[in-house]
Amino acid sequence: MISLVITLVVIGVLLWLVNTYIPMDGKIKQILNVVVVICVVVWLLSAFGVLGHSGDIQVPQVK
């Protein structure tokens, strides 16, 4: 549980650093923030077992 909190803090600090110190257009920052939040939410759902392996992509084999 501690590693989960530490990871969330590190992600938050990195996102804050990118938003603060890297000059970007506002729309690009907004898209970046949304992508990071969606990835973190999916990661948390997977970590707590809500998603499981349903996110795996099945690619048919070509023979």
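How large is the Rg to Rh ratio of the stretch 2-47 when both quantities use alpha carbon positions and Rh follows Kirkwood? Rg/Rh: 1.03. Amide hydrogen proximity for LEU51: with H placed 1.01 Å from N in the peptide plane, the residues at 5 or more positions away or on another chain lying under 5 Å are SER46.
Each value in this text was obtained by applying a stated rule to the coordinates, not by laboratory testing. All values reported here derive from a predicted model rather than from experimental measurement.
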